[in-house]
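K.L.:
Dropping the structure in here first, questions after.
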Amino acid sequence: MPPRAARAPVALLPIVIVCVLAGCDSSVDRLRITTCRRTLPALVASDLSPRLLHVGRGSAPDSVRVDYALGQRQHRIDCLFDGGAGLIGLRLDHKAVSGGALFMLKKYYLETLDSEANDPAPPR
């Protein structure tokens, strides 16, 4: 039988693995939240002054929900992601955005510096 000191690191291995994996999930979650939040300025005309209310996990697996207001009315964006942080679906007030429109949003807005510059995240 190995000495007790040699067994301790082996016993901690599952805990370390779980912590590392949990850290990866949280970074993927942050990327998903950022991506979904950054769709807001592209989907809603800026002259309507959308107000960000809440951003968090959606009701479906691998999804994020953005709640925002236009005047007194509340609206939502639901973003669906692949197993990582790749955006694969989008709904605006429960209506699906077409594949072509999603492609254009990703290619010509989310993949540009404009999406970062117009991010509606509250200042830290």
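K.L.:
Name the shape class, rounded, prolate or oblate, that the alpha-carbon gyration tensor gives for the stretch 32-124, where a ≥ b ≥ c are the square roots of its eigenvalues, rounded holds for a/c under 1.5, and otherwise prolate holds if a/b is larger than b/c and oblate otherwise.
P.N.:
In terms of gyration-tensor shape, rounded.
K.L.:
Kindly report, to the nearest 10 Å², the accessible surface of residue 82 as traced by a 1.4 Å probe over protein heavy atoms only.
P.N.:
Probe radius 1.4 Å; accessible area of residue 82 about 60 Å².
K.L.:
Right, here's the next one. Pairs of alpha-carbon atoms within less than 8 angstrom and 6+ residues apart define the contacts here; what relative contact order does the stretch 59-124 have, in percent?
P.N.:
Reported relative contact order: 18 percent.
The values are calculated or read from the model by the stated rules, or taken from the named source; none is laboratory data. Every value quoted in this text rests on a predicted model; they were computed, and no experiment measured them. We work out accessible area using only protein heavy atoms, side chains counted, and drop any ligands, DNA or RNA first. Shrake-Rupley method; radii C 1.70, N 1.55, O 1.52, S 1.80 Å.
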